[in-house]
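Please read the structure below before turning to the comments.
The values are calculated or read from the model by the stated rules, or taken from the named source; none is laboratory data. Treat the numbers as computed from the prediction; the structure is a model and nothing was measured. Backbone-built Cβ (ideal geometry, glycine too); neighbour counts: all protein chains shown.
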Amino acid sequence: MFENLKPLPDDPILGLMVAYNADPNPNKIDLGVGVYKDEDGKTTIMDAVKKAEKVRWEQEDTKTYVGIPGEAAYNDAMHELILGKGHAALKDGRVKGAQTPGGCGALSMAAGFLKRANENTTVWVSTPTWANHIPLIGTVGLAIKEYAYFDQANSAVDFDAMMSDLQKVPAGDVVLIHGACHNPTGADLNNDQWDAVTDLAEKNGFTPMIDLAYQGFGKGLEPDAYGARLMAERLPEVVIAASCSKNFGLYRERTGELMIIGRNAEQTNISASQAYSVIRSNYSMPPAHGGALVRIILEDADLRANWEAELKGMCGRINDLRTLFRDKMNDRGHDFSFIAKQNGMFSFLGISKEQVHRLRDEYGIYIVDSSRVNVAGINSKNIDYLADAIASVLLQTSVN
Ligand SMILES: Cc1ncc(COP(=O)(O)O)c(C=O)c1O
């Protein structure tokens, strides 16, 4: 029966990685896949993670299953990291969670859970959104609609258009919102805008699902959780899908967290029992290693301080690169000031697909067709080459 299957094209971002690796150009630059890179272009293991691995090696005394929700202490530590110590929803017993294989695992289990809660629900996603959102949510058979989000002309959130679309979302539908560091645009809601979306959700009764994959990569651990904390406090039902891939650099350890916040403790327990049943029928139980490392770091004052300082350093490096890139392009006569106003690893350069292809073919600069760049792929050694190449492609296009 396998002969019935048709071949599928490579994943566009992972395909780009393969092409980059095969390119012999010594000046090549990879601004494709979304992993943090340091000044030397390396994705190293965080120091706090290395230290936690030592502790883990000494402490771990069994390899038996961790259970459907994973390690309870990890779940608790993540809930506090995301919502903040003493958050009303935690005090009221309205939060239950599960350790998941990455943020993707959390999103996918969230989708299965939402389907059980209301099989006719529609999930509204921003235009654009992270490319994997659609298959992760669509695979369980949920309907998907889009709400306006990004204004290409101004490279910023088009909040009026967003609110006008969200007005149409009925009670019982779900709105997927990026908690911080919107992927792919880098354009985030400010606090006033979070307040307004929360007011609307309260008034009209839709349920937010918050994808928090970059806490600490935007403005910091606390400010990046503003929207999640606000909604969890004010709204009766919220789902949060978080990832430790970026902020702990645990990409391949597949470490994430699904959080269900219900209207009261009893309803939350019922909801969690359904979410656990969805998990059981998918991957059964999560891998243990990454979650244990996160728990060790968050519970130990020294390791936690170490991790927070490293994360701050990564976030600061990205923000410095954003201003430096703006200045380099300004020196070459191009206004890229929007880049310095955005958050996280990604931004759209706002150039055409043809220009993206020319950067790849003529300069060995690898960017996704949409012109999304991973800012962390820039460093002091490649930034002038990059700025020259972009300026040249823009100039030649305007001359032609
Ligand atoms: C917006 C967004 N959500 C979720 C994820 C999930 O990450 P992972 O499954 O690697 O933890 C990513 C990863 O790139 C992302 O960009």
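Key figures for this structure:
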| quantity | calculated |
| --- | --- |
| Number of the exception - residue 86 against (1) in a loop (DSSP other than H, G, I, E, B); (2) not assigned by TED's automatic domain parsing to the domain that holds residue 132 | (2) |
| Which listed residue, of 176, 136, 189, is within 16 Å of the ligand (Cβ to nearest atom), crowded, with 19+ Cβ neighbours inside 10 Å and closer than 28 Å to residue 266 by Cα | 176 |
| Helices (runs of 4 or more DSSP H) contained in the stretch 260-371 and holding at least 1 residues within 18 Å of residue 155 (Cα to Cα) | 301-331, 353-363 |
| Failed item, numbered, when residue 361 is tested on (1) free of Cβ contacts under 8 Å to residues at least 12 places away in the same chain; (2) within 24 Å of residue 21 (Cα to Cα); (3) within 24 Å of the chain's Cα centre (by Cα) | (3) |
| Search result, residues across the stretch 168-194 that are small (Gly, Ala, Ser) and either outside the structural domain of residue 120 (by TED's automatic domain parsing) or farther than 17 Å from residue 315 by Cα (or both) | 171, 172 |
| Selection within the stretch 205-261 - charged (D, E, K, R) and either near the ligand (Cβ under 10 Å from one of its atoms) or surrounded by 23 or more Cβ atoms within 10 Å (Cβ to Cβ) (or both) | 211, 224, 246, 252, 253, 254, 257 |
| Residues within the stretch 119-145 that are touching a Phe, Trp or Tyr at 6+ places or on another chain (Cβ under 7 Å) and part of a strand (DSSP E or B), tallied | 4 |
| Residue satisfying condition, being surrounded by fewer than 23 Cβ atoms within 10 Å (Cβ to Cβ), within 21 Å of residue 43 (Cβ to Cβ) and not basic (Lys, Arg), within set 330, 379 | 379 |
| Search result, residues across the stretch 57-78 that are in contact (Cβ under 8 Å) with a residue 40 or more places away in the chain and buried (at least 16 other Cβ atoms within 10 Å of the Cβ) | 66, 68, 69, 70, 71, 74, 75, 77, 78 |
| Count - residues of the stretch 4-42 that are within 15 Å of the ligand (Cβ to nearest atom), loosely packed, with under 14 Cβ neighbours inside 10 Å and of a type in the set (A, V, I, L, M, F, W, C) | 1 |
| Scope the stretch 108-129; condition over 18 Å from residue 206 (Cα atoms) and either within 12 Å of the ligand (Cβ to nearest atom) or not assigned by TED's automatic domain parsing to the domain that holds residue 157 (or both); matching residues | 108, 109, 128, 129 |
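Residues checked against (1) of a type outside the set (Asp, Glu); (2) part of a helix (DSSP H, G or I); (3) assigned by TED's automatic domain parsing to the domain that holds residue 224:
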site	(1), (2), (3)
33	yes, no, no
57	yes, yes, no
82	yes, yes, yes
90	yes, yes, yes
93	yes, no, yes
98	yes, no, yes
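One line per residue, one yes/no per condition, for (1) touching a Pro at 6+ places or on another chain (Cβ under 8 Å); (2) free of Cβ contacts under 8 Å to residues at least 60 places away in the same chain; (3) closer than 16 Å to residue 269 by Cα:
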| position | (1), (2), (3) |
| --- | --- |
| 80 | no, no, no |
| 91 | no, yes, yes |
| 101 | yes, no, no |
| 111 | no, yes, no |
| 115 | no, yes, no |
